[in-house]
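These notes concern the structure reproduced below.
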Amino acid sequence: MAEAYSMISVPRKNNNAGRASGKKSYIIIFRWDDIKTFAKDEKGVKVTAFDFQEGKKPVAVYATDSTINIYHTAEGDDDARGFIHHVDFDHPGSEVEWDEFVNNNVNENLGAIVINCSGDDCKIAGTPCTPLKMSTAEGQDNNEANKTTVNLASSLRGDTLGRIAKSLIPATDNEEINAILGLPPAAESSQGGGV
């Protein structure tokens, strides 16, 4: 069983610890209403259980990899500080499936997982009680670009971003995207569900 947090030193991991790391070009997005089990360890960061309700799966949304930014910001008054989770990205194009995704999720309680190009340590934003909301989805279709800039953000303060092992992330509804992300194949896939 994990121990409660006690103060320890946090040295620099390596000389390039601050270098930007590449991210997979798909963000996994899900509705918290579809989650059956979600638990973190006693330190409040590492996810230890993550299961979907029967018949539910996450989806994957394509994002321009250089625009993906998953982060948290600390805010609040004394004795009430916490963290707001953010996931920012650009989705290129303006296909009907994208507009349908935005239209039908703008008021949902969402969670998002970003997978790095290497390693097993992924970041998860939102929790069942501090979900992400689509705070902005600003479209652009002009002589400079055809894209939507999205900001998902929690509206309530909570813990820092979570960390989730890739082995705990269930397959999406799209086998091709699962292969790109390094996720196991879905037992029952309905091809073409990713945006």
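The values are calculated or read from the model by the stated rules, or taken from the named source; none is laboratory data. Source: prediction; values computed, not measured. Backbone-built Cβ (ideal geometry, glycine too); neighbour counts: all protein chains shown. Each accessible area value is taken on the protein alone, full model and side chains, heavy atoms only, with ligands, DNA and RNA left out. Shrake-Rupley method; radii C 1.70, N 1.55, O 1.52, S 1.80 Å.
Below, the figures for the structure above:
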{"read-out": "P(r) histogram, all alpha-carbon pairs of the stretch 138-188 included - 10 Å bins from 0, percent", "value": "19, 23, 35, 23, 1"}
{"read-out": "With at most 14 other Cβ atoms within 10 Å, longest stretch of the chain clear of loop GluC sites (Glu not before Pro) (DSSP)", "value": "96-143"}
{"read-out": "Charge dipole (debye, nearest 20) of the stretch 106-192; +1 at Cβ of Lys and Arg, -1 at Cβ of Asp and Glu", "value": "400"}
{"read-out": "The chain - percent of accessible surface contributed by carbon and sulfur, probe 1.4 Å", "value": "46"}
{"read-out": "Nearest 10 degrees, 0 to 90: helix 96-105 Cα axis against the chain principal axis", "value": "40"}
{"read-out": "Mean Cα-pair separation over length for the chain, i.e. relative contact order, pairs under 8 Å, 6 or more apart, %", "value": "24"}
{"read-out": "Loop-exposed trypsin sites (Lys or Arg not before Pro) per DSSP, neighbour cap 16 Cβ within 10 angstrom, longest uninterrupted part of the chain", "value": "82-195"}
{"read-out": "Å² of accessible area per residue within the chain, as computed with a 1.4 Å probe and no ligands counted", "value": "58"}
{"read-out": "Members of K36/K56; K46/K133; K123/K166; K43/K133 lying beyond 20 Å, as alpha-carbon distances in this model show", "value": "K46/K133; K43/K133"}
{"read-out": "Matching label, semi-axes √(5λ) of the Cα gyration tensor in Å computed from the structure shown, candidates (1) 29, 23, 15; (2) 47, 19, 13; (3) 27, 20, 18", "value": "(3)"}
{"read-out": "Contact order relative to length of the stretch 84-195, as percent, for alpha carbon pairs under 8 angstrom and 6 or more apart", "value": "28"}
